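Here's the structure we're looking at; comments come further down.
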């Protein structure tokens, strides 16, 4: 069983216990992640991640709000916040606090399988949310994308396995992500970005995810045609994520 299947088993149990988030807002006012990533050059979605199944504890006792402020100051176009608690050490309250501290779009990164989680994302301040092709079938993906749009939240639709590329391409999501982490081995291979770029919808904003840590990596994906990179672990592991992002972007100039 790969790690995603383990996580989804837990997530389905969480959903059984979840009290649906009730909001008197039927359309949230949000900042557009798509617009933020559509500027010239390579944009960065900088991630706040406390731990992960592949890395274990990444930055114990981190201050998410200060990291978010530092990311914005360093030039991040958007911030991704892990809200899964069991596997990634996140929490919805972290996203709430981060959203209040920054003016750039905030992405809720979690294992979204229900529209209740999308309402909750809007209620805690997220501007967008992640959908994982391997976690859902095509109809579920389409339904959750449309539900998010209905209430004012954009989605980043990512896939890991090549077999899901066509499914995602047929949906033509506003923002599509290629994650180069192999879910069976948990290893990354950034050459995968080159392999998959031709399969991505031309009208979608294209995001490269995982395995990116240097300015050469950023130039590589930019030259391939990606609009943005989602970077978390390599920044967080430095102990000073904001400074690491500043250095990374400074070397790119």
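The values are calculated or read from the model by the stated rules, or taken from the named source; none is laboratory data. Values in this document were obtained by computation on a predicted structure and should not be read as measured data. Reconstructed Cβ throughout: ideal geometry from the backbone, glycine too, with neighbour counts over all protein chains shown.
Here are the numbers:
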read-out: Conditions (1) part of a helix (DSSP H, G or I); (2) within 18 Å of residue 228 (Cβ to Cβ): number failed by residue 150; value: (2)
read-out: Of residues in segment 165-185 being within 23 Å of residue 52 (Cα to Cα), in contact with a strand residue (DSSP E or B) (Cβ under 9 Å, 6 or more places away or on another chain) and touching a residue at least 24 places away in the same chain (Cβ under 8 Å), the one surrounded by the most Cβ atoms within 10 Å (Cβ to Cβ); value: 177
read-out: Residue among 125, 90 that alone is touching a strand residue (DSSP E or B) at 6+ places or on another chain (Cβ under 9 Å), at positive phi and at pLDDT 95 or above; value: 125
read-out: Residue selected from segment 68-87 under the condition out of contact with any strand residue (DSSP E or B) (no Cβ under 6 Å at 6 or more places or on another chain), assigned to a loop (DSSP other than H, G, I, E, B) and in contact (Cβ under 8 Å) with a residue 40 or more places away in the chain, by the criterion surrounded by the fewest Cβ atoms within 10 Å (Cβ to Cβ); value: 86
read-out: Number of positions in segment 170-186 that are within 18 Å of the chain's Cα centre (by Cα), assigned to a loop (DSSP other than H, G, I, E, B) and under 24 Å from residue 6 (Cα atoms); value: 4
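So that you can scan it fast, the table gives a plain yes or no per residue for (1) crowded, with 17+ Cβ neighbours inside 10 Å; (2) assigned to a helix (DSSP H, G or I); (3) modelled with pLDDT of 95 or more:
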residue: 141; (1), (2), (3): yes, yes, yes
residue: 157; (1), (2), (3): yes, no, yes
residue: 193; (1), (2), (3): yes, yes, yes
residue: 197; (1), (2), (3): no, yes, yes
residue: 212; (1), (2), (3): yes, no, yes
residue: 230; (1), (2), (3): yes, no, yes
